[in-house]
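Single-structure report; data block below.
Each reported figure results from applying straightforward, stated rules to the coordinates on display, with no laboratory input. Predicted model, so just to flag it, every value in this text is computed and none were measured. Here the Cβ positions follow ideal geometry from the backbone for every residue, glycine too, while neighbour counts run over all protein chains shown.
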Amino acid sequence: MQKVILVTGGSSGIGKSIASQLKLQGHRVFVASRSVLDKNLYPLEVEPLDITSDTAIENCLSNIIKKAGRIDVVINSVGIESIGPVEETPLPIIRHLFEVNLFGIINLMQKVLPLFRKQQGGQIINISSIAGEVSLPDPFIQGPSLPWRPFLNL
């Protein structure tokens with residue numbers, strides 16, 4: 001059965017690989033990205049999304065519903081990192097890291113769960129990073145914003 005799948009962070013990395021594989025398996029895949037992607041070079045359906053913006057999240061979900069009629073699965077693979085000594089990293093950069101990697105994902109989940117309840121089904125998959133589980137030799141600020149993700153899976 002074809003599912004309608006939203007992949008955040010799908011313009012590159014593991015999100016892009018997951019989205020491409022799901023498309024090959026016959027699913028309808030929407031990629032949400034801050035980046036503007038050339039639709040001629042990128043064969044998936046793209047929705048603009050700044051995960052830190054309420055309005056952008058609402059518009060993204062609304063556009064997918066208008067085009068596909070439903071959303072069956074949300075795969076959260078969006079994430080950013082900041083590498084460097086903590087004492088040298090400005091606090092606004094650290095705050096932005098948490099806005100994307102933590103609060104943005106929670107905000108998206110809060111907005112999609114009522115839809116899943118209305119549809120009587122849906123699935124959320126949160127993808128994290130090994131950086132949230134292990135210590136790295138250099139200070140790595142991404143780590144603290146990621147370990148909670150496995151606990152958000154419903």
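Since Glu87 meets every condition but one in (1) touching a Pro at 6+ places or on another chain (Cβ under 9 Å); (2) surrounded by 12 or more Cβ atoms within 10 Å (Cβ to Cβ), which condition does it not meet?
(2)
Are any residues in the stretch 99-123 among the hydrophobic types (A, V, I, L, M, F, W, C) and either closer than 18 Å to Val7 by Cβ or surrounded by 15 or more Cβ atoms within 10 Å (Cβ to Cβ) (or both), and if so, which ones?
Within the stretch 99-123, Val100, Leu102, Ile105, Ile106, Leu108, Met109, Val112, Leu113, Leu115, Phe116 meet the criteria.
Residue by residue through the stretch 51-103, note down the ones that are under 18 Å from Lys16 (Cβ atoms) and in a loop (DSSP other than H, G, I, E, B).
Passing the criteria: Ile51, Ser77, Val78, Gly79, Ile80, Glu81.
Evaluate the following for Ser20: is it within 16 Å of the chain's Cα centre (by Cα), assigned to a helix (DSSP H, G or I) and surrounded by fewer than 19 Cβ atoms within 10 Å (Cβ to Cβ)?
Here the answer is yes, as Ser20 does meet what is asked.
Any residue at all in the stretch 40-48 that is touching a residue at least 40 places away in the same chain (Cβ under 8 Å), surrounded by fewer than 21 Cβ atoms within 10 Å (Cβ to Cβ) and among the aliphatic types (A, V, I, L, M)?
no
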